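Below is one structure, written out as structure tokens; the observations come after it.
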Amino acid sequence: MAEKVQKLTREGYKNLEKKLKYLKGKVRQEIAERIRQAKEFGELGENIEYDNAKSEQARVEQEIMKLDMILRNAQIIERKGSASKEVEVGVAVQTKYQEEDKLVKFEIVGTSESDPMHDPPRISDESPVGAALIGIERGQVAEIETPLGKAHYEVIDILPIMDS
């Protein structure tokens, strides 16, 4: 089965590389030391410290495999130096949420970089709102089906993503 292409900005790719290096280096060493110390407590069958360290080791190794896969299948999305004609991955989009007559700005990124807590929120091109906005030009309205009914976002402006 072919692995899925992971769309990342250059910044997102570098951040994932740093995280992977940290997990493979410092975190792996810390867990190995915890396991070594826990073994010194004696009987492993009832050793909570050992069980916790082994569980953490498994979680970290799973995260390392996930990050390796993302980076191996990454497609770098270059940031636009100027405004784009239509919404695409790697742009910021100023919208008007018509149901509340409210301006809302999003950055459209790949799934691995989505972060609703970022300012402005970074939404995936695969999320319902992100997918509906992709390909939309200024002045057009994207209609999104939500659990609460239809939502309408008018594209006011399409801008380059600013560096954090």
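If you run the Gaussian network model on the chain, springs between alpha carbon atoms under 10 Å, then out of L71, L133, L103 the most flexible one is L103. Fully extending the segment from E46 to T146 would add 31.1 nm, taking 0.36 nm per residue of separation and subtracting the current Cα-Cα distance.
What percentage of all Cα-Cα pairs in region 8-75 are separated by more than 20 Å? It would help to have the intermediate numbers written out before the result.
Details: 912 of 2278 pairs.
That tail contains 40 percent of the Cα-Cα pairs.
Note on the chain: Rg/Rh from C-alpha atoms, Kirkwood Rh, equals 1.16.
Taken over region 26-107, lysine pairs spaced eight or more positions apart, or on distinct chains, with alpha carbons under 25 Å apart number 11. Converting the Cα gyration tensor eigenvalues of region 91-160 into ellipsoid dimensions via √(5λ) gives semi-axes, longest first, of 17, 14, 11 Å.
Taking amide H as placed 1.01 Å from N in the peptide plane, the amide H of E99 sits under 5 Å from that of H152, each at least 5 places away or on another chain.
How do M65, M117 rank when sorted from fewest to most other Cβ atoms within 10 Å of their own Cβ? Could you put the intermediate results ahead of the total?
Numbers: M65 10, M117 6.
Listing M65, M117 from fewest to most nearby Cβ atoms yields M117, M65.
Please give the calculated 222 nm ellipticity per residue for the chain, where each DSSP H segment of at least 4 residues contributes -39500 (n - 2.57) and the sum is spread over every residue; nearest 500 deg cm²/dmol? One gets -11000 deg cm²/dmol as the mean residue ellipticity at 222 nm. Comparing I35, I134, I77 in a Gaussian network model of the chain, where Cα atoms under 10 Å apart are tied by springs, the biggest mean-square fluctuation is seen for I35. Here r is the Cβ-Cβ distance between I76 and E99 and R0 is 41 Å; the resulting FRET efficiency, rounded to 0.05, is 0.70. Judged by the mean number of other Cβ atoms found within 10 Å, the most tightly packed of the peptides 123-129, 94-100, 151-157, 108-114 leads the ranking 108-114, 123-129, 151-157, 94-100. Taking 0.36 nm per residue of separation and subtracting the Cα-Cα distance, full extension of the segment from D115 to E11 would add 36.1 nm.
Computed from the coordinates by the stated procedures, all read-outs in this text should not be read as laboratory data. These figures come from a predicted structure and were not determined experimentally. Using ideal geometry, Cβ is built from the backbone for each residue, glycine included, and neighbour counts are taken over all protein chains shown.
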